[in-house]
Amino acid sequence: MTEPTSPPATPACPAAAGAASAPVRPTAAGRARWAAGRGRRRDRQVYLRRYPLLFTLLAATRRRPVARLGRTVLVHDAQSYLDALTRIPLDRLAAGTVGGAARQLGVDGLLFDQEGPAHLRARRALADGLGPAGVARLRPVWTQVLRRRLAPLARGASVDLVPVVAELAGATTAALLGVCGDPSALAAAARRVAATAAAEQLPGPRRPGRAEAARRATSALADLLDPSSGGGGGAGSASGPGLAGMLAVAAVNTTVAGVPRAVAWCADDRLWRYAEQTDTREILVDELLRVTAPSPLLPRVAAGSGELDGCPVRPGDRLLLVARHAAGAHRGGPDCVDPAPTRTARLVFGAGRHSCPGARLARAQLADVLAALAPYRPVVVSARADGRAALPGWARLVIRAGRCG
């Protein structure tokens, strides 16, 4: 998708009847509107590159709070999204769900047995690693990566942000799980697991070798997370390698998908001034996560009957919970002057007992990335959407320092 190189001009208006038209010049308001929409135009590419048909379907049905297509129920609005997560019994281990993918990694229940005691025990085991104390312990890990990998910006060089964020995610995940090894290798393995699992769920004929590729990717990740390879004793070790694998897949993929998209939107819409101060930076983080929604779609399967905005839900129905629409990402870009309510913005992390345990970590990491980049006010030099990753994101996002002031 090619973007125009300049804002659209305002129509010329003759000064008097029969007079020649004045030169076409964009107004300040027109330039502002054009700049404000640049982030959305660029970000749309990651959806159209990875899931063009699904994105088109979701866009076509988003005006309806709930839409049924056969045994699939699309859930768009905030209240129906909340009701689906809190009032409809869910089978989180069904095929095609995150829990179903967890079974492929050897996780029996744990975080995905949302109704049982195993779920509560697993979440308590993660509290130290992902709570305030855990985030404070992990912060030096990713800030060290940022200092080293972003240093070339000070010399006027360009930096591809995707491998930087991949190393950041891999290092943080390794520290969280208490394993040693190459952070970039860990991140690459976790991304391959997610990509092959996502490919297995796509409609259409199965390509030969796809299932075997998924098994090989899972095995490679398990080897990297084996405590005997060094370390051990982290947040995932108490519950076994299966949970460690799922934590690695979730943490790495959402970070690598979400952070570069947020930075691109911040650069395109010229929001760096909000990243310079702690109070406005926190608002900016929530707004960027709201509009990017790193996990834009939550697939679930109903385990019991219910109703969503008048639409009956039957056991076995596939629910597609559109987190980005529930959070209002399609209605407007990030707005630090009049932001969405916090409760709405954070719907991208789920709700209640179905909320993401890593939300605090995600917000802290994005805040520190923005703080590290703010002095440079970087601009996007080039970008290429990822056509293979599990989540919509950038395969390449090159930035360089922009003009200060």
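The values are calculated or read from the model by the stated rules, or taken from the named source; none is laboratory data. Note that the coordinates shown come from a computational prediction; the quantities given were computed from them, not determined experimentally. Here the Cβ is made from the backbone with ideal geometry for all residues, glycine too, and neighbour counts use every protein chain on show. Side chains included, ligands, DNA and RNA excluded: accessible areas come from the protein's heavy atoms. Shrake-Rupley method; radii C 1.70, N 1.55, O 1.52, S 1.80 Å.
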**Report entry** In nm, spacing of pseudo-spin labels at Ser305 and Arg270 (7 Å Cα→C-beta vector)
**Finding:** 5.8 nm
Report summary line: Quick calc, segment 315-356, dipole around Cα centre from Cβ unit charges on Lys, Arg (+) and Asp, Glu (-), nearest 20 debye, gives 160 debye
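Could you check how much of the accessible area of segment 288-405 is carbon and sulfur, as a whole percent, using a 1.4 Å probe? Walk me through the intermediate numbers first.
Details: 2300 of 4740 Å².
Carbon and sulfur atoms account for 48 percent of the accessible area of segment 288-405.
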**Report entry** FRET E, pair Val141, Ala211, Förster distance 45 Å, beta-carbon r, rounded to 0.05
**Finding:** 0.80
Query - segment 331-394 versus segment 249-312: alpha-carbon centroid distance in Å - result: 5 Å
Query raised in the report: Is segment 337-393 best put as rounded, prolate or oblate by its Cα gyration tensor, with a ≥ b ≥ c the root eigenvalues, rounded for a/c under 1.5, and otherwise prolate when a/b is larger than b/c, oblate when not?
Result: oblate
**Report entry** Asp279 accessible area, assembled protein chains, probe 1.4 Å, Å²
**Finding:** 100 Å²
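How much accessible area per residue does segment 286-335 have, in Å², with a 1.4 Å probe?
Details: 1510 Å² over 50 residues.
Heavy-atom SASA per residue in segment 286-335 reads 30 Å².
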Query raised in the report: Roughly how many Å² of Arg71 are accessible to a 1.4 Å probe, to the nearest 10?
Result: 110 Å²
Report task. Figure the gain on full extension for Ala154 and Thr72 (residue separation times 0.36 nm, minus the Cα-Cα span) and round it to one decimal in nm. Result -> 24.5 nm
Requested in this report: Could you state how much accessible area Cys311 has, in square angstrom rounded to the nearest 10, with a 1.4 Å probe and all protein chains kept in place?
Outcome: 20 Å²
Report task. In nm, give the distance between the simple-model label positions of Thr56 and Arg343, each being 7 Å from the Cα along the Cα-to-Cβ direction. Result -> 3.8 nm
Query raised in the report: For Thr86 and Ala199, what is the calculated FRET efficiency with R₀ set at 30 Å and r taken between the beta-carbons, to the nearest 0.05?
Result: 0.45
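Going by a ≥ b ≥ c, the root eigenvalues of the Cα gyration tensor, does segment 241-316 fall in the rounded group (a/c under 1.5), the prolate group (a/b larger than b/c) or the oblate group?
Numbers: a/c = 3.19, a/b = 1.70, b/c = 1.88.
Verdict is oblate for segment 241-316.
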